[in-house]
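A quick write-up on the structure given underneath.
The values are calculated or read from the model by the stated rules, or taken from the named source; none is laboratory data. Nothing here was measured: the structure is a model prediction, and the numbers come from that model. Here the Cβ positions follow ideal geometry from the backbone for every residue, glycine too, while neighbour counts run over all protein chains shown. Heads up: the accessible areas ignore ligands, DNA and RNA and are worked out on the full protein's heavy atoms, side chains in. Shrake-Rupley method; radii C 1.70, N 1.55, O 1.52, S 1.80 Å.
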Amino acid sequence: MKKIYLLIIILALVYSASAQRSVTCAYLDENGQVMTEVVTDTQLPPMARDGLTPMSGFPLNFASNTTYKPMRGLTLADLDGDGADEIILCHNEQINVIDGQGNIVWSQPLVGGMAQFPAAVGDIDWDGDLEIVALTAYGNARGGINVFDHTGVSLLSEVTNNNPLICAPVLADLNDDGALEIIFCGRGKASASVSAGIHAWTLQGEEIEGFPYEMPSTPAFTPTVADINNDHNLEIFAATTSVLYCISNTGETLYTVDGQEAYKYSYQSPIVVDFGSDGNWSLVGACHGDNPNHYVRDALTGEYREGWPKSVSAWTYSAPTVVMNGEQHVIFMGVSGEGNVFYQYNPDGNVASGFPLNLTSGIEGFISVADIDGDGANEIVTSFNLMDGGNGFIRAWEMDGTEVLDGFPLRPQGLTYMNGANFGDIDGDGNLEIVTLTYLQNFSPDDPVTVTAYALNQPNKNLAFGTYKGSNDRTGWKQYNLPVVSCNPVTNVEWQAYGDTPWIGLLWNLPEEGSTGELVELQVNRDGEVIATLPADAMSYDDYDLNFEETHIYFLTAVYSDGCEASCDPVEATAFSGWGIGEQGHCRLFPNPVSSVLNIEGVAANGVEIYNLVGQLVLQQQGSVEKINVEILDNGIYFVRLRFDSGEKYERIIIER
């Protein structure tokens, strides 16, 4: 019996020695530089049971800058349309695209300095292929905007002298021209080639009307873009270190919130979410300074929501995460330092049972949420500010704050500080993988950044939030259970042409009923000009003012009594003798609204793509397509692009359950 007691004491001493010892702790100084210090008597996470091991081909090491390291993780996106995500790594003065086996697909230099934030990805020009945008900075001397097509061909390469770009780019259509703008903040000096403030560039490197929006001092975080007043125009949130700005899509100031030096902003890019699914949007974020806090504000006015803000014990650079957990929204935010550093709130500001978590090091990377064990419930996956024995930590927690030990914590090489767990399907098997971005920060030439991938073997549909700001467009706009947009266009537009007289006949279905004003009239537009105004109940129009073999572009605009206007997608029609009908005209989508399977009636499409309201490709199906399953998409409004041999057709659909 004495031997058993002695063994227990020895094991306890061994665990205590391993749990409380000198380790490396990371923090961010006021210049945005990651620093490290040795701390003692620190409680480390418990050991994992059957810890996950890296996938074949990983880890991968890449050269890094000795001082500045990437933060906010990687980008995972299916660039080549093969069903598997590529890993897009921005580091030092280079971008690398990596496949699921650890092979370098392509690599290109970045102009302007070091990349510190992840790339944004989207179909900027709506050509069906994705583009990649990366920003760079080099101290206070310069920055750069880098745009590539999905194969690595440079589309835009612009150095911004005296203007470092220390944020992620955001992709959204501000001016409603069908293309995405590149939205970013610059920290320019008076002599900068690109001024300090908010910029909105086209793919050709030109500012759109109303921009740049100049700011009096250093911009503080990645902009957030959302439609906060439900008028189908996007608004932008940005901040200097002490003032929060809300501006319109044309660069007009809507309001500002002055922190009066009590609190400050840096790196905590906020999230916009509609907690009540009633069109009332909230801005969720964090700040530091003399009064560090977590906040929820009315996005329209900037005023605090009832129950907010929540003071915290230390500075925070944590970017918030907001997800649906069952039928309820939950908010996650971290804090630096020790003590109560990890919070879960409900929208009213109440802290969830089991939280805050009292830890010996902060959580300041982005926070991911997914069902990682297939039990039907979400888990929370976080980075950690400590490194022990050259390896960092990716930790996982149940929603009640209990730490997950089956497979976790992951132990990638280097610090996970200011990064996090990136989720995607990099091998195309339909299951989730975690990809981490880490670094040693030993300030020497052999100080690498490391990419490591782990297979979870849980389906893609289990993912709730798995990248910086929740999506690769980096807008920070979380759209859950959106109210149905009620200003609706005509649908199922067809055209006909035949006979001895040049003629094109247009046919359509009337708009679906909505909550906007009454339908007043329909306007027929040909080649950019209104050629006829029809009564609200018209369902056809005959155009005889034509010549044979002429091709024209038509669309109809539904005009409502409250001033709302909604235009259908354009159709291309040609007047010719004999009977003909466009291939696209024989195709319609139903049901609409749809809950699970969207059917394509008539001519089968040879490719279908579905985009969300900010132009992000969310679902794609190749080959002959007669139906497409949309169950993995959230409720809301989407645009469907149908491809045919003779052209394309666009439809607006509503997913509603």
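Points to keep in mind about this one:
- Accessible surface, 1.4 Å probe, highest first, among residues 214, 37: 214, 37
- Virtual spin-label span in nm between residue 255 and residue 590, 7 Å along Cα→Cβ: 4.6
- Between residue 306 and residue 400, residue separation times 0.36 nm minus the direct Cα-Cα distance comes to 31.4 nm.
- Derived scalar couplings between HN and Hα for segment 421-428 equal 9, 8, 10, x, 10, 8, 10, x Hz in order, rounded to whole Hz, by the Karplus curve 6.51 cos²θ - 1.76 cosθ + 1.60 (θ = phi - 60°), x for Gly and Pro.
- Pairwise centroid distance, computed over Cα atoms, of segment 109-129 with segment 397-423, Å: 28
- Ratio of the Cα radius of gyration of segment 212-324 to 2.2 N^0.38 Å, where N counts its residues: 1.00
- Three principal axis extents describe the C-alpha atoms of segment 367-473; from largest down they are 44, 30, 23 Å.
- 21 Å tail of the calculated P(r), segment 200-264, as % of Cα pairs: 26
- Per residue, in Å², the accessible surface of the chain once ligands and nucleic acids are set aside, probe 1.4 Å: 39
- Note on segment 59-147: the C-alpha convex hull projects to 6.1 nm² when averaged across all orientations.
- Karplus-derived 3J(HN,Hα), 6.51/-1.76/1.60, for each residue of segment 378-388, Hz, glycine and proline x: 6, 10, 10, 10, 9, 7, 8, 7, 9, 9, 10
- Radius of gyration over Kirkwood radius for the chain, both on Cα atoms: the Rg/Rh ratio is 1.01.
- Theoretical gain in end-to-end length, residue 291 to residue 63 [0.36 nm per residue, Cα-Cα removed]: 78.2 nm
- Zero-based 5 Å bins, Cα pair distances in segment 118-221, whole percents: 3, 14, 25, 25, 18, 10, 4, 1
- The H on the amide N of residue 458, modeled in the peptide plane, is under 5 Å from the matching H of 432, each at least 5 residues off or on a different chain.
- Per residue, the convex hull spanned by the alpha carbons of segment 160-240 comes to 88 Å³.
- Residue 431-residue 545 pseudo-label distance in nm [points 7 Å out on the Cα-to-Cβ vector]: 6.4
- Take every Cα pair under 8 Å whose residues are at least 6 apart in sequence, average their separation, divide by the length of segment 312-401, and the relative contact order is 22 percent.
- Only Cα sites of segment 278-429 enter the Debye sum here, all with the same form factor; the resulting log10 I(q)/I(0) across q = 0.12 1/Å is -0.51, listed in q order.
- 10 °C / 1.306 mPa s Stokes-Einstein diffusion coefficient of segment 259-308, Kirkwood radius on C-alpha pairs, µm²/s: 139
- In order through segment 65-71: 3J(HN,Hα) via Karplus (6.51 cos²θ - 1.76 cosθ + 1.60), integer Hz, x for Gly, Pro: 5, 5, 10, 9, 10, x, 9
- Using the empirical formula 2.2 N^0.38 Å as the baseline, the Cα radius of gyration of segment 301-345 reaches a ratio of 1.29.
- Summed residue charge, Cβ within 9 Å of residue 295's Cβ, Lys/Arg positive, Asp/Glu negative: +3
- Cβ-placed point charges (K, R +1; D, E -1), dipole of the chain about Cα centre in debye, nearest 20: 3380
- Å³ per residue enclosed by the Cα convex hull of segment 606-657: 75
- Distance-filtered residues of segment 416-459 - backbone nitrogen under 19 Å, label point 7 angstrom along residue 101 Cα→Cβ: 425-431, 433, 452-455
- Burial order of peptide ranges 462-469, 125-132 (average beta-carbon count within 10 Å, highest first): 462-469, 125-132
- Across segment 41-104, the volume of the C-alpha convex hull divided among the residues equals 149 Å³ per residue.
- Degrees, to the nearest 10: 2-19 long Cα axis against longest axis of the chain: 60
- Our note on the geometry: Cα centres of segment 295-320 and segment 69-102, 32 Å apart.
- Between residue 39 and residue 340, the FRET efficiency estimated from the beta carbon spacing at R0 = 22 angstrom works out to 0.80.
- The label-point distance for residue 229 and residue 606, in a model that sets each label 7 Å from Cα toward Cβ, rounds to 4.6 nm.
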